[in-house]
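Q: First the structure, then my questions, so here it is.
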Amino acid sequence: MLFDDLPEEKDTIASVLVPVAVPVAYTYKVPPGKTVVPGTIVKVPLGSRQVLGAVWDTEPDASINPKKLKAMTTVYDKVPPLADDLRKFVDWVANWTLAAPGMVLRMVLRSEEALEEEPPLAGIRRVEGHEPDRMTAARQKILQVLEEGVSGTKSTVAAAAGVSASVVDGLLQQGVLETISLPAAPPPPLPQLDFHKVTLTPRQADVTKGLLDCLDKGSSVALIDGVTGSGKTEVYFEAIAEVLRQNKQALVLLPEIALTEQFLRRFEKRFGVFPAEWHSEITTKNRERTWRGVASGSVRVVIGARSALFLPFKELGLIVVDEEHDGAFKQDDRVSYNARDMAVVRGHIAKFPVILASATPSVESRVNADSGRYTKFELPERASGAELPELKAIDMRHDGPDRGRWLAPDLVEAMKETLADGAQTLLFLNRRGYAPLTLCRTCGHRFQCPSCSAWLVEHRFQGRLVCHHCGHTEKVPDACPKCQATNSLVACGPGVERIAEEVEDRFPQARTLILSSDLPGGAKRLKREMQIVEEGGADILIGTQLVAKGHNFPKMRLVGVIDADLGLAHGDPRAAEKTFQLLAQVTGRAGRVTGGGKGLLQTYSPDHPVIMALMSQDTEAFYRAEIDARRAAGLPPFGRLAAIVVSSQDKHAAELYARGLAKISPHDSAVTLLGPAEAALALVRGRYRFRMLLMAPRQFDLQGYIRTWLDGAPRLTGNLRLQVDIDPQQFL
Ligand code: ADP
Ligand code: ZN
């Protein structure tokens, strides 16, 4: 044969990062006739599986016998390769969080389907000049829908005409209509930059100008520190408009899916279209479309949860992190990263600005703004001109409710007045369910989760006891499982359901609504109910922290905090900050539009610095004191923290490993190692947990230290697991 004497073509090889927890990329053969560049998305065999990966920047290992190398299965050459800055970002996040880069890449490459175009749909349209043999009213309607140039699928056209699909079939048979192929998903409509501009207040206009200056600077971070209702959203919309004008894409991160609905409507009002959504509640199909649209550039604005940070934007020009102080930006499983901080990193790497917005910024961001690293913009007044709510503490030691009741007389009185005026009340309690603890009056037995060190929470609507850590549930039994006494179980303490019971008893005529994430109906129901509240269709709202965040309820006048002390008693260095933020946010829901708002805080410690700071509305004093205390204690952001959790189903094995690990920790006078100690949540999902906490000065390379340490650690055997959490937010 003619070609037989040609020299055998040398195989080309490439490094591929695959989604497993190994520190390096693997080497694969490039299939003949294909070319790859760094960032090309590929499918490769890995053990017995086929996995998605991406060609990485590292040198392939040329020393491996080519015969032993496996070839890539698929090269997705129609999908744009992952950009340089995204690859750098993946490596950066891996390096920072001590996760394997492949595990970070896995957050970028979510699904194989997203890499393939959707097959076209079968559509129908009118054939010019062909009339039906006989005109009926139903046929007439179809032809009206399909007037010149209009097309659609059979079912959408039939639905739009309000007739059955068989009418369409009839017209198709007669050649009046023909089938055509339609793109599965037409590109989403573009935001209209001048769709509806509001007239900014002078202060808002100043801030907008400042933000636009930041956009010119390339990489920079702006912090919008503005009271609830001051127009933070309105001003960052202007920044988004400018970015879109420059033909770049924008991403808005929100901490909570429940906030999405309101945001979508706000965005539509300003830009005439909805942005793309990215979070766990969207359908697989929409998720795939958004992924592709972001990569191709047809999607210009995404609103999403923290995972949206890993989308492969074609030309991202701005990230906004709204409610930037919120702990929900921290992911604690697998790769434990803080999306707010990593957003700043992504902006830095790709040289675009990042806007952080909050009414109660994190201490970290405040310190960065004070030191000039971030540019701070303040909006101290509400856009409506409404004054901030008047706040009062109710001292539960003297002025509390009767036994078995949870609403103090002063709060009940204020609720009556609010109701009489046709305004809304929000009762806030950060506890789902009916009661946090159930016990047997006869023998004292307490209901505990079999696989966690946690009490079971009674959910009366469901008639079940539920573990909030692992989801274990059991039916509320008729008799005590220990002493068999009947009618002997008592609920201790309140959850939102129990508050609702008291409200319904005291205000039977009021329209009462519980907003909690665990009620039947899920996100859909929640969306609807949020809208009901916004439109004034409820009088008294009882909610968990879900309602504390970002919502704008125009008729809300009174906010009652059932247990203001709830968050204060933690071994958590951010407990004061978190409580301050949560209570300031939740009371900030009152009187946002009309003014006259009032907040009542039920507390057993009215002299606690956090409660005092809230009452005096002296936010600055609170931040000053908190920042000073952190500085003195060497806590973040002045010092660095990392947690290491060793867990196992075998308690002894976990403890032994943790102690052994601590013993071989490299000596460094800069590092303080606390523990190992049994974690506050000692048992979760059947795993016993031991924690260590590392503290070091700010400049210290804590990741480097931990890496060296763990390199010398004994292998994890059995079901031992070790998790590193850089800058932990949870201390349980
Ligand atoms: P924040 O994000 O600070 O809580 P928003 O941007 O949501 O504040 O504004 C609060 C409310 O005030 C919204 O309903 C918004 O539409 C309205 N608003 C803000 N600024 C203006 C303005 N300049 N003119 C008219 N309405 C405004
Ligand atoms: Zn449990």
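Quick note: the coordinates plus some simple rules give every number you see, no bench work behind them. Because the structure is a prediction, the values reported are computed rather than measured. Ideal geometry is used to build each Cβ from the backbone, glycine not excepted, and the neighbour counts take in all protein chains shown.
Q: Sort by residue number and report every cysteine in the chain with no other cysteine beta carbon within a distance under 4.7 Å.
A: Unpaired cysteines in the chain: 214, 470, 492.
Q: Stretched out fully, how many nm does the piece from residue 669 to residue 451 gain, at 0.36 nm a residue minus the Cα gap? If you can, show how the numbers build up before the last one.
A: Values: separation 218, 0.36 × 218 = 78.48 nm, distance 3.88 nm.
Net length gain for the segment: 74.6 nm.
Q: Here's another thing I want to ask about it. Using 0.36 nm per residue of separation minus the Cα-Cα distance, give me the extension gain between residue 504 and residue 74 in nm, one decimal.
A: Details: separation 430, 0.36 × 430 = 154.80 nm, distance 6.12 nm.
Once the chain is fully extended between residue 504 and residue 74, it gains 148.7 nm.
Q: While we're here: Could you list 480, 470, 492 in order of exposure, starting from the residue whose Cβ has the fewest other Cβ atoms within 10 Å?
A: In order of increasing Cβ crowding within 10 Å: 492, 470, 480.
Q: In 5 Å bins starting at 0, how do the alpha-carbon pair distances of segment 522-561 split up by percent?
A: Per 5 Å bin, starting at 0, the Cα pair percentages come out as 6, 20, 38, 27, 7, 1.
Q: Quick one: order 283, 153, 27 by neighbouring beta-carbon count within 10 Å, fewest to most. Before the final figure, lay out the partial values.
A: On the way: 283 8, 153 16, 27 20.
Sorted ascending by nearby Cβ count, the order is 283, 153, 27.
Q: Using only the Cα atoms of segment 639-726, what are the Rg and Dmax in Å?
A: Rg and Dmax of segment 639-726, Cα atoms, are 12.7, 38 Å.
Q: Next question, about the same structure. Would you mind estimating how fast segment 254-397 diffuses translationally, via Stokes-Einstein at 4 °C and 1.567 mPa s with the Kirkwood radius over Cα pairs, in µm²/s? Present the calculation step by step, with values, prior to reporting the outcome.
A: Details: Rh = 17.2 Å.
Estimated diffusion coefficient is 75 µm²/s.
Q: Only four residue types carry charge here, +1 at the Cβ of Lys and Arg and -1 at the Cβ of Asp and Glu. Report the dipole size of the chain about the Cα centre in Debye, rounded to the nearest 20. Each step should come with its number before you reach the end.
A: Numbers: 89 positive and 89 negative charges, 244 e Å.
So the dipole magnitude of the chain works out to roughly 1180 debye.
Q: Here's another thing I want to ask about it. How high is the FRET efficiency from residue 621 to residue 169, r the C-beta distance, R0 51 Å, rounded to 0.05?
A: Working: r = 74 Å, r/R0 = 1.45.
With a Förster radius of 51 Å, E is 0.10.
Q: So, one more: Just in segment 152-219: which trypsin sites (Lys or Arg not before Pro) are loop by DSSP and have at most 16 other Cβ atoms within 10 Å? Please list the in-between numbers first.
A: On the way: sites: 154, 197, 203, 209, 217; in loops: 197, 217.
In loop regions of segment 152-219 (DSSP not H, G, I, E or B), the sparsely surrounded trypsin sites (Lys or Arg not before Pro) are 197, 217.
Q: Per DSSP H run of at least 4 residues, take -39500 (n - 2.57); add these up for the chain, divide by its residues and hand me the 222 nm value, nearest 500 deg cm²/dmol. Please list the in-between numbers first.
A: On the way: 20 runs with 221 residues, N = 732.
Computed mean residue ellipticity for the chain: -9000 deg cm²/dmol.
Q: Quick one: give the max-minus-min coordinate of the C-alpha atoms of the chain along each principal axis, largest first, in Å.
A: 98, 79, 64
Q: Another question about this same structure. Using alpha carbon centroids, what distance separates segment 123-150 and segment 578-640, in Å?
A: Here the two parts' Cα centres lie 65 Å apart.
Q: Quick one: order 18, 321, 198 by neighbouring beta-carbon count within 10 Å, fewest to most. Present the calculation step by step, with values, prior to reporting the outcome.
A: Numbers: 18 25, 321 30, 198 13.
Ranked by crowding around the Cβ, least crowded first: 198, 18, 321.
Q: How high is the relative contact order of the chain, in percent, counting Cα pairs under 8 Å that sit 6 or more residues apart?
A: 11 percent
Q: On to the next question. For the chain, what is the percent of antiparallel DSSP beta bridges, rounded to the nearest 5?
A: On the way: 60 of 110 bridges.
In the chain, DSSP labels about 55 percent of beta bridges as antiparallel.
Q: Taking the alpha carbon gyration tensor of segment 25-171, what are the square roots of 5 times its eigenvalues, largest first, to the nearest whole Å? Don't jump to the answer; show the numbers that get you there.
A: Numbers: eigenvalues 558, 61, 33 Å².
With the √(5λ) rule applied to segment 25-171, the semi-axes are 53, 17, 13 Å.
Q: Can you order the peptides 524-532, 648-656, 551-559 by their average number of other Cβ atoms within 10 Å per residue, highest first? Intermediate values should be presented prior to the final figure.
A: Numbers: 524-532: 15.8, 648-656: 17.6, 551-559: 22.7.
In descending order of packing, they fall as 551-559, 648-656, 524-532.
Q: For residue 51, list long-range residues whose amide hydrogen, built 1.01 Å from N in the peptide plane, is under 5 Å from its own amide hydrogen.
A: Those qualifying (amide H under 5 Å, at least 5 residues apart or on another chain) are 44, 46.
Q: Let me ask something else. Go through segment 422-483 and name the trypsin sites (Lys or Arg not before Pro) that are in a DSSP coil and have 16 or fewer other Cβ atoms within 10 Å of their Cβ. Write down the numbers at each step before the final one.
A: Numbers: sites: 431, 432, 441, 446, 460, 464, 475, 482; in loops: 431, 432, 441, 460, 482.
Passing sites in segment 422-483 are 441, 460, 482.
Q: Please report, in Å, the Rg and the Dmax of segment 132-265, where both are computed over Cα atoms only.
A: Every Cα atom of segment 132-265 included, Rg and Dmax give 24.0, 69 Å.
Q: Further question on the same structure: So for segment 3-109: antiparallel DSSP bridges make up what percent, rounded to the nearest 5?
A: Numbers: 14 of 15 bridges.
Counting only bridges with both partners in segment 3-109, antiparallel ones make up about 95 percent.
Q: Hey, another quick one. Restrict the search to segment 373-455; then list the GluC sites (Glu not before Pro) that DSSP places in a loop and that have at most 14 other Cβ atoms within 10 Å of their Cβ.
A: Values: sites: 378, 381, 387, 390, 413, 417; in loops: 381, 387.
The qualifying sites are 387.
Q: Take the Cα gyration tensor of segment 286-359, multiply each eigenvalue by 5, square-root it, and list the three semi-axes largest first, rounded to whole angstrom. Display every interim value, and only then the final one.
A: Numbers: eigenvalues 83, 45, 27 Å².
One finds semi-axes of 20, 15, 12 Å for segment 286-359.
Q: Jot down the per residue volume, in cubic angstrom and as a whole number, of the convex hull over the alpha-carbon atoms of segment 43-124.
A: Taking the convex hull of the Cα positions in segment 43-124, it is 148 Å³ per residue.
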